[in-house]
Amino acid sequence: MQIYNTRTREKEELMTQTPNVVKAYVCGPTVYDYSHIGHARTYVNFDVLKRYLEATGYEVVHIQNFTDVEEKITDKAREEGVDPTALANKYIGEYFKDMDALNVKRATRYPRASEYIGRIIEITKSLVAKGYAYQAGDAIYFEVSKAGGYGELIGNLKGALADKVDRTTVKKDPFDFVLWREAKEAEEGWESPWGRGRPGWHTECVAMAMDSLGEVLDVHWGGKDLIYPHHECEALIAKALTGKTFVRYWMHNEFVLLRGEKMSKSTGNTVPIHEILKRHSGEALRTLLLSKGYREKIDFYDGALDEAEQKHARIKMAAEQARKVGAGDKMSTCVRDYAGMFFGAMDDDLETGKAMAVVEHLSEELLSGRPGKDLSGAARIFDAVEGVLGIRLG
RNA sequence: GCUAGGGUGGCUGAGCGGUUUAGGCGACGGGCUGCAGACCCGUUACACUGGGGUUCGAAUCCCUACCCUAGCUCCA
């Protein structure tokens with residue numbers, strides 16, 4: 001299948017390192033709050049990629065982390081007077097509840113950053129030894145100019161961020177980033193060669209991904225907001241460490257917009273998944289999230305879910321009709337055309353919006369009861385809606 | 001500045017190489033009503049940002065200009 005690679009900005013044919021095996025890493029959430037529908041989109045979209053690859057004969061090794069070491073977690077835990085680990089556990093539990101409602105399949109493994117502190121320290125030591133990192137002030141920094149290739153994912157870094165770079169710093173270059181820093185007294189910290197400290201953000205994903213998948217990943221997926229700086233930095237750390245290109249295909253899904261603006265925790269305009277589920281079905285939300293391709297923006301407005309609910313209901317009715325007629329029937333020429341369009345859309349960089357449109361057209365034909373058209377075998381397409389798109393029609 | 005995606009009839013919005021050019025809103029006419037609304041029926045829009053090019057043929061592909069939207073070391 002064709003996949004859009006953020007690094008090359010082109011669609012490329014998927015070629016994995018090992019035939020029929022895809023080693024995939026997905027950046028999971030930082031667990032200090034409920035997941036919102038932006039998260040839902042990321043994990044639903046990847047879930048569809050995984051289901052489609054599995055349906056076409058791949059084994060997908062899917063590793064997805066939980067970031068449970070982060071300032072926001074400790075801050076919130078302190079506010080609420082609970083243990084940071086307990087807080088993280090609570091929101092991990094909530095995450096799984098939400099994903100179950102959305103019919104997202106479980107990953108192969110869910111490593112947690114807190115389990116990888118030792119490995120992060122080792123990586124940092126190794127980078128210092130190799131000359132890619134230096135100590136300044138109370139932190140160890142990765143030296144971007146030593147690595148080369150910085151800005152590969154975001155494209156023309158200097159132009160993109162020239163006005164926003166903080167130049168009042170002890171860093172050698174404003175783009176250098178923290179690998180490890182001293183822990184303040186009130187913070188949780190870990191003993192390291194540089195004293196009691198805390199990890200920077202990016203190393204954890206490199207540590208967790210390599211531990212389960214090896215030095216080179218086939219697919220690395222995340223929300224578009226992780227391209228810079230997170231994935232940019234991950235790629236540099238990994239390359240410095242192994243000398244190899246870390247990721248073959250970088251994939252990023254677009255945002256969910258709320259009233260035309262990006263939904264994000266920092267601006268406070270998020271819609272939590274569990275709030276949606278009070279009034280709507282998980283199927284409706286999943287239908288909405290798949291009604292466009294993963295690289296298109298979705299504007300979340302009032303009524304969008306009602307429309308999705310209706311759409312899902314019609315597809316469900318059509319599926320019942322198609323299955324009543326005969327599940328094992330051979331596909332008619334007409335249905336084979338629909339199937340061709342459906343799988344063609346999926347094959348072309350996971351165009352779920354187009355695939356859904358095909359299903360809707362087919363549903364219309366089935367429900368309008370127009371005579372003279374042979375739609376036998378249509379049940380198989382609805383099987384794919386359930387199995388590949390993961391939209392329950394039962 | 002950079003990256004991605006757009007500019008379609010009064011508005012919104014599909015279509016993304018070629019037969020009847022979606023749908024919705026509106027407008028207009030009719031039905032129903034004491035009147036209006038809601039509802040129902042019908043009518044109405046060859047429109048595709050400007051300029052080049054490819055083609056037998058372009059809203060649809062390519063180039064270029066202009067304009068718009070979102071994002072750009074907290075984030076999925």
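The values are calculated or read from the model by the stated rules, or taken from the named source; none is laboratory data. Remember, predicted model here, so these are calculated numbers, not experimental data. Glycine also receives a Cβ, built like all others from the backbone with ideal geometry; neighbour counts cover every protein chain displayed.
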For the range A:12-42, which residues satisfy the criterion of being closer than 21 Å to A:Gly57 by Cα and out of contact with any helix residue (DSSP H, G or I) (no Cβ under 6 Å at 6 or more places or on another chain)? A:Glu12, A:Glu13, A:Leu14, A:Met15, A:Thr16, A:Gln17, A:Thr18, A:Pro19, A:Asn20, A:Val21, A:Ala24
Need a quick list: strands (runs of 3 or more DSSP E) entirely within the range A:1-112 having at least 1 residues that are over 29 Å from A:Leu258 (Cβ atoms) and among the β-branched types (Val, Ile, Thr). A:21-26, A:59-64
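State whether one or more residues within the range A:17-27 are modelled with pLDDT of 95 or more, near RNA strand B (Cβ under 9 Å from one of its atoms) and within 23 Å of A:Glu215 (Cα to Cα).
Yes, some residue in the range A:17-27 is modelled with pLDDT of 95 or more, near RNA strand B (Cβ under 9 Å from one of its atoms) and within 23 Å of A:Glu215 (Cα to Cα).
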Hey, can you tell me all the residues within the range A:233-267 that are more than 9 Å from RNA strand B (Cβ to nearest atom), closer than 29 Å to A:Thr352 by Cα and surrounded by fewer than 19 Cβ atoms within 10 Å (Cβ to Cβ)? A:Arg259
Taking interchain pairs and intrachain pairs at least six residues apart, which have beta carbon atoms under 7 angstrom, with the first residue in the range A:145-174 and over 27 Å from A:Lys244 (Cβ atoms) and the second at pLDDT below 75? A:Pro174/A:Val165; A:Pro174/A:Asp166; A:Pro174/A:Arg167
So how many residues does the range A:173-186 have that are more than 14 Å from RNA strand B (Cβ to nearest atom) and buried (at least 16 other Cβ atoms within 10 Å of the Cβ)? 3
Residue hits (the range A:198-228; farther than 26 Å from A:Glu59 by Cβ and among the hydroxyl-bearing types (Ser, Thr, Tyr)) are A:Thr203, A:Tyr228
Those residues of the range A:214-251 which are without any contact (Cβ under 8 Å) to a residue 60 or more places away in the chain and over 17 Å from A:Leu157 (Cβ atoms) amount to A:Glu215, A:Ala238, A:Thr242, A:Gly243, A:Lys244, A:Thr245, A:Phe246
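Looking at A:Asp33, A:Asp83, can you tell me which residue is within 13 Å of RNA strand B (Cβ to nearest atom) and either farther than 22 Å from A:Glu351 by Cα or in contact with a strand residue (DSSP E or B) (Cβ under 8 Å, 6 or more places away or on another chain) (or both)?
Just a single option satisfies the conditions, and that option is A:Asp33.
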Count of residues meeting criterion [near RNA strand B (Cβ under 6 Å from one of its atoms) and either farther than 26 Å from A:Glu10 by Cβ or outside the structural domain of A:Gly243 (by TED's automatic domain parsing) (or both)] in the range A:149-172: 3
So if I check each of A:Lys316, A:Lys330, A:Lys311, which one is within 14 Å of RNA strand B (Cβ to nearest atom), over 30 Å from A:Leu14 (Cα atoms) and of a type in the set (Lys, Arg)? A:Lys311
Of the conditions (1) farther than 30 Å from A:Asp47 by Cβ; (2) within 14 Å of RNA strand B (Cβ to nearest atom), the single one that A:Ala113 does not satisfy is (1)
Which one of A:Lys125, A:Lys72, A:Lys97 is out of contact with any Lys or Arg (no Cβ under 8 Å at 6 or more places or on another chain), within 12 Å of RNA strand B (Cβ to nearest atom) and either in contact (Cβ under 8 Å) with a residue 24 or more places away in the chain or assigned by TED's automatic domain parsing to the domain that holds A:Pro29 (or both)? A:Lys72
Apart from one, (1) surrounded by fewer than 20 Cβ atoms within 10 Å (Cβ to Cβ); (2) over 21 Å from the mean Cα position of the chain (by Cα); (3) not in a loop (DSSP other than H, G, I, E, B) all hold for A:Ile123; the odd one out is (1)
Considering only residues that are buried (at least 21 other Cβ atoms within 10 Å of the Cβ) and within 17 Å of the chain's Cα centre (by Cα), look in the range A:294-309 and name the one that is modelled with the lowest pLDDT. A:Ile298
Among the residues of the range A:88-118, which ones are touching an Asp or Glu at 6+ places or on another chain (Cβ under 7 Å) and more than 15 Å from A:Tyr25 (Cα to Cα)? A:Ala88, A:Tyr91, A:Val104, A:Ser114, A:Tyr116
Among (1) more than 8 Å from RNA strand B (Cβ to nearest atom); (2) part of a loop (DSSP other than H, G, I, E, B), A:Leu277 falls short only on (2)
Would you be able to tell me the number of residues in the range A:252-263 that are assigned to a strand (DSSP E or B) and of a type in the set (Asp, Glu)? 1
Take the residues in the range A:197-251 that are of a type in the set (Gly, Ala, Ser) and not in a helix (DSSP H, G or I), then tell me which one is nearest to A:Thr108 (Cα to Cα). A:Gly214
Would you be able to tell me the number of residues in the range A:263-285 that are within 17 Å of the chain's Cα centre (by Cα) and either without any contact (Cβ under 8 Å) to a residue 60 or more places away in the chain or closer than 13 Å to A:Ala313 by Cα (or both)? 1
